[in-house]
Each structure stands twice: as structure tokens, then as C-alpha cells.
1. Using alpha-carbon pairs under 8 Å, 6+ residues apart, how would you state the relative contact order of region A:1-134 in percent?
2. How many Å³ per residue does the convex hull of the Cα positions in region A:100-217 occupy?
3. At A:THR97 and B:LEU5, where each label point lies 7 Å from the Cα along Cα→Cβ, what is the point-to-point distance in nanometres?
4. Could you list which residues have their amide H under 5 Å from that of B:GLN278, counting only those 5 or more apart in sequence or on another chain, with H placed in the peptide plane?
5. Once fully extended, how much extra length lies between B:ASN44 and B:ASP394, figured as 0.36 nm per residue of separation less the alpha-carbon to alpha-carbon distance?
6. What relative contact order, as a whole-number percentage, does region B:281-416 give when Cα pairs under 8 Å and 6 or more residues apart are counted?
7. Normalised by the residues of chain B, what does the relative contact order come to in percent, with Cα pairs under 8 Å and at least six apart?
8. Pick from A:GLU99, A:GLU49, A:GLU60: which residue has the top mean-square fluctuation in a GNM of chain A where Cα pairs under 10 Å get a spring?
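Derivation of every value follows stated rules applied to the coordinates shown; laboratory data play no part. Please read these numbers as outputs of a predicted model, since none were measured by experiment. Counting neighbours? That spans all protein chains shown, and the Cβs are built from the backbone with ideal geometry, glycine included.
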Amino acid sequence: MKITVKVWRQTGPEAPGKLVSYQLDDVSPDMSFLEMLDVLNENLATSGEEPIAFDSDCREGICGMCGLMINGSAHGPLRTTTCQLHMRSFSDGETITIEPWRAEPFKVLRDLIVDRGAFDRIISAGGFVSVNTGSAPEAHSTLVPKVNADRAFDTAACIGCGACVAACPNAAAMLFLGAKVTHLGELPQGQPERDSRVVKMLNQHDHEGFGGCTNVGACADACPKEIPLDVISQLNQDLRRAMVKGY
Amino acid sequence: MTDDLIDGLYREGAPIRDTKAPSGPIEQRWSKRQFEAKLVNPANRRKLSVIVVGTGLAGGAAAATLGEQGYQVSAFCYQDSPRRAHSIAAQGGMNAAKNYKGDGDSVYRLFYDTVKGGDYRARESNVYRLAEVSSNIIDQCVAQGVPFAREYGGLLDNRSFGGVQVSRTFYARGQTGQQLLIGAYQALQRQVAEGTVTMYSRHEMLELIVVDGRARGIIVRDMVSGEVETHLADAVVLATGGYGNVFFLSTNAMGCNVTATWRAHRKGAYFGNPCFTQIHPTCIPVAGEHQSKLTLMSESLRNDGRIWVPKKAEDRNKDPRQIPEEDRDYYLERIYPAFGNLVPRDIASRAAKYQCDAGKGVGPGGLGVYLDFSEVIGRVGRDTVSARYGNLFDMYKQITGEDPYEVPMRIYPAVHYTMGGLWVDYDLQSSIPGLFVAGEANFSDHGANRLGASALMQGLSDGYFVLPNTIRDYLASGPYPAVDESAPEVVEAKKSVTSRIEQFLNSKGTRTVDSYHRELGHIMWEYCGMSRNREGLLTAVDRIRTLRKEYWSNVKVLGENEQINQSLERAGRVADFLELGELMCIDALHRRESCGGHFREESQTEDGEAERRDEEFAYAAAWEWGGEDSSPVLHKEDLVYEFIELKQRSYK
């Protein structure tokens, strides 16, 4: 396959960026999207041009490190992570535009790499159960109905990639937030801190500069782990309850 | 130490002993050690500092726990967030001796299975402790909100895994590693908020600081600004994972590397059993030269899939559906009728290699065998198969573009886990006082081969329960003299890091870092992979030395230090892999027996099975760095089996 890519190049956080075109003449449909970029980078390095910086680590769709805007869609045309996208999803001769996640709180560090430290700070604000090592009761002392355990799992599957924020026209991180609030809120272990958790996490979310939810649903459409949109309803419900209680 | 060079490659030094291991009844040893280990007064803990490198299951759990106890912790990871460490990719599950199924499991049975699975090359005391602590891990993780699979009654579900006869594996669908890691990550972030842990993401450790024979800090590079920073502490913990990426292609993440442990090795930490590598039989084969990593398909596929190759080499490019039954060789079922397709990982891997070596491999490059589901689909129906393996089939289809419901899957072995790592004593302390090593980065618990669902168990056992209880003994034995950034050892360590960076950036070579890494990987896979022999290993050492020499004069790294520079990051990692690779080959050469994942062709039975040689090799090999232009020194730690009788494995 012959492919043209237009890639966002930016040398540093404060530097201006621009789209630069590159030509690839020998792309195999079996290559992953990131392997296509690896090949391009090898070509660039060999010819003396600095390679394109992009994040990736596990390359099996679970670590959440990779994430690119591909032709305007977070993670590209399939509902998967960028590393699990393959070139057979594109056609011979196609031009592909590749950009970093665009959101105020995700500062571009270089080329396609952004800073997602805001997500860690949101978790630090309350996305945990306060239980010190060694103080846990026997695991079977609390039963968890399967429906709750399953729902907790479905929402705990979030990989923190940031596609939801990138896809949202308002750069909200409500799907990310809602997923964690729902995961811990479904379990008995998460109950004691349930009210304070949602308030603290939401305050941090707003403090980081993420926008508010306007029920567009682009986040859930873009989520490679299929976190359902209704976690945001759960978030709102938990928030109302907490506020009534005076949190 | 004898001065004689053995095979022209290494020397043998004095034997080494684990001086911390308690004696007495095995079930009392861990309690005894915890009691004997000195305590640190809670008020004094905040004056003591610990550096933790790596934030996977072992590092994340250790940093969180030490923070909870009140120590000042600095944690480092090369990823953009501690939640991304490669523990996250573990699929299958985690063993624990809860015996919730009432099927005869016990701490002793898990201990026994792990020692046997490691082919009798791990310490009894360590493995027993691992089995003992396993139950606490489940309690801890459940309390954190880890969403393990449950039954309708609300109890935790278990499954049987990796060929054992009891159901002791706890799981969260196919994403157990992810869920356990997020549990540890959340505990860690809680401590970040408490102020006990300072987190440094996108920071890579490039050197260990040793002052007066003790580990006192690290030199790191801020991967965003390029700044080379010094961090000092009372003790250092390395939890930096395995080194499977020395093979270039493996199931490891792109960034997994040996640099932290290798730099420590060069500063005096012994490297234990570097040649013990686990090669997993069910991975998706290489599609072409562009391949950047290999993807594991869960081993559970072998429960229902039948592995075969064409009997005739000329059929290997045919559509497999057109090859009649009588022209197929179900070689595992033929050679191992009792276990069939469920033989252990190393046997299944080697058998696939032999078929491909014989020219019967299928797919691109002839490096693959079929894993065929047509028989089970015919027997139980497509829907049942889909319920069991649907997500794996989807993943396979996404990567290869082929539909395994219609066409047999192709699989091939890939490097998955390294049992070797820095040598540690029972306290997880390396041969450098004050340097502790946890998780896959150490060599301690899996011997020559790791059982399925035991990696997660070891990482969390080390991180939550073992290390926090043993490091206090070291910290309580202080205070150690204050060190500041002007100490000559600190200045020297920092200077060596900056001059290495300059050397890469000033080398006006012609070849990229990746091209060297790929070539090293080919050498390792060919000669130090599934099957090893003396001649091949000698060739490999020779070729690695030549390659390493060329690397330093001809590698090309563009850009500057003061920026995100991924070529520069890789250049340092590959330089260390080029040294580690040689040591792995020397270790494989010196161990003239087959055991676990290490198969020496010279040591096999008449019918071609692995032959362990306990009279000569029942020891752990701890290698000491010999110096830049000198040879490594072997120290043997004899393994004593007081409780478990050594037996040869047989699967025929």
C-alpha cells in the first residue's frame, strides 16, 4: 500500500506546531498503525530527520499509553486502541491525518505526546478505597452480588487513555470520572467513602480545567473499552446524594 | 577465586549463601524472620527515605505500603503514569492457596507445585513464604475494590490454570493484571495525596549510587526536559520487571528494559540465573520485518484447540482446510499421548520449533503451527466456543485479519517472562547492602520455570508483604551517614551518565538503535532461545561482542538531550541489552543440564526429553560483574531440599 500521512510536529510545549506530510510506499496491511509509524521513523532517522515522538507501551490494548487522533477520530476508525488498529483498515493511496489529543488540560509535550498527569491527580483526589496493607478482612467475609461485581468490572476496565476527553467537544473527563465512581460505588468496600469521593474527584476534575458534560455521548462512542455512557448518570446521582448530605 | 578462565569466558569465585534465611520448620520461618527483623519506631519512619524504581505490581505495592507505614518514599517510572506498568498486561489470573473450592489445596500444595514447576531450582524457604502470603494478597485486593470474578452467591470464583489439579486461580475476566495493578496504583495515588510518596513519572533510572558499599541513591533522566537528576535515600528498591526485550521481539511492552538492574549489576549486585527465560507457546506469529512486539494468546486455548502441522513439508503453503486428516501431524498428541496438547509451556514451545526446523512450519517465514478449533466447533457448536474464547478469537482476527472460526489459528512461541534477575537473599536484599529487588526483577521464587498465574502472586507478595517487613530490618540498623550531592561517588555517578548521553549524541554513526536491537534479538533467539548448545552459545558470544563494538562506534542518535528524545532513551537500553545478552549466553553455556525453560541439547534423554543433572547443577548461579575488560565471576549458591524430593519431570 502507498500511504500519505500528515503528522502534527511540535518541538516542545511552548513551540508552535504544524502538520507535515510524509510518504510511505511500502505499507503492509498486516502492520499495526504504530508499526507503520515505526517504519516511518526508521526512514526519517536514516535520512537524518528527527523521528516523530509518540507514546506507546504494551501494544496490546491494555496499558492506555497510546492514543492518537486519526482523521479526527480518537484512536481512529475502529473502536479500539491505536495500537490495535491495523493498516488494513485504510485503503491504498489514502491520506491520513494524525494529531495528538486536543484538550486544554492535556498539554502537548512534543509531536504526538501529551501530558495526562491530570488523570493521576483526579485519582489521587479520591479514586481509591482507604485500606492500608495488612488491615484487610478475610476476602469471603463480605459477599458481593454477581450483578454488582460484573458492573464494577465493566467500569473498572477503563484504561485511562484519554480518548473520552479528546472526543468530547467540551473536553470533559466525565466518562473517566464516572467509570471510577461507578466501579467503587458498586462494591461494598467502596461505600464508606462514596459521598466524599465523588465530590473530591469532581472538584479536582474542574480544577484541572476539563469542561462540563453536555450529554453529547462522543466519549462513550470513542471509548476503546466500551465504558457505557450511563456511568455519567451514576456520577450525577452520586453527586446529588452527596450534596443533599452536605458534602 | 581461581584465576583460570573457564571456556575463556568466566571465572569461578567463592560460593555464596543466603545468610538471612531462617531455619527450623518451614511453616514457621517467615513468622520467625518477621519477628527477628528489627522495628522502626513510627516517629522515626518519616526521617527515613526509600527510593522505589518501577511502579508495577511489586513497585507500586511496595511504594504504597512503605508510604502507609510513614516512610518518605520517592517512586519512579518511565511511563507517563504509574498505572501503565506492564504488570497490566497479565491475562490469566493469580494463584492463592485459599482452598475456597475445597478441592484439597493448601499452602503446602501451592509450595510443592511451585518448586516442582520451577524444576527444583528455587529456594524452598522463599517459595513457601510466597504460598503462605498468597491468601493475604486476595484479602488485600478485595478490600481495595479489585473486581474479581464472582459466583451467583457472591463468593469469589476460582479456576484451574496451567495444568494443576486444583482450582486456585483468582481472576478478573482476561484482565487480572490490569485490575490488580489499578488496585495498587490507587493505593499509591492515595499516598501521593497524603504526601508520603512523591511520584516521578517519565523519569528513567540510569545509574545506581553506591557510597561506602551501600546503595544510597539513583541518577535519573527527566524524559521530558532531559535534566539529569540525583536522588538520594537511605535505601533503594528496584522493581523494574524482566528483561525479555533483549530478544527484541517478546510479549513485553516496548519500554521494558534491563537498564536499572544492569546498572546495579555493574555496581556490584550479582545477577542470578540470567539464562532462565520462559518462552510461551501460544503467541501470534511474526507477520513480517516490521513487527514490533508479539501478542500472547491465553494458554487456555490449548484446552480445546488441536495443534498440528502438515506431514509433508510441501503442503505448508496449502490452505489448511484442504489438507486431509491423514496428511496432518497432531504431533503433541502423537508424542505425548497422556497430556496431548496440554503439555507444559517449554515442551509445547520446543516441539513447535522442531516442526518448523523440519520445514513444516506454516504462515509467513514458515514460523508457525496450526491451532485448530474445527473439531471442538463441530462437537459443541460455534456458540459454546464463542462463549469460551470469543474475545481471544476477536483479538486474533483483529491482528491477523483471519477468522479462527473458519481457518485454523497460527501460533508460535515467544519470549514471555524472565525467571532470572538480580540475586537477592531471603530479605530481598541484593549483594549490595541497602539495595532491594522485588518482583520479576529479582531471581528468587520461580527457579528455572514459572507456573502460570504465579507472576502476579510474586509481584504482590514482594511488594505488599515481604519487602516492607524486611527492609525495616536494614533501616533500623542505621542511621547511615548522611550523603550529599557533592560526595565523590555521587559526582562520579552523575558524570558517567552525562558522558554516556553525550557519547550517543556525538556518535555520528550510520545505523539506527532499532536496527542493532533487532540484530541482537535475532542472535539471542537463534542461539539462546528455546534450545541451546555449546557451539551455538560460543558463536553467540562472539557475535554479540562484535555487534557491541560496532554499536558504540556506529550508532546514530539524532536530536538533543534537552527534549523528549525516544532514540536516546532506546540507545541506553540497547547498550545494556548488548552486555546482558553476553552474560545470558555465558550462563546458558556453563549450565550443561536441561532444566525448566533452559534446554541444553547435550543434556537430553534417549527419547529427546530434557535431562536435569542435580548432582552437578542443583545451585543458583550468581554472577558478579568482572569489570569493563574482564570476565564475569560465578558464585554458586547450593540449593538444599529438606522437604521436597527431587524428581525428573515426565509427560509421556
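1. 29
2. 116
3. For the pair A:THR97/B:LEU5, the computed spacing is 6.2 nm.
4. Counting only residues 5 or more places away or on other chains, the set is B:HIS416, B:TYR417, B:THR418, B:MET419.
5. Using 0.36 nm per residue and subtracting the Cα-Cα distance, I get 120.6 nm.
6. Dividing the mean separation by the residue count of region B:281-416 yields 33 percent.
7. 21
8. Largest GNM mean-square fluctuation: A:GLU49.
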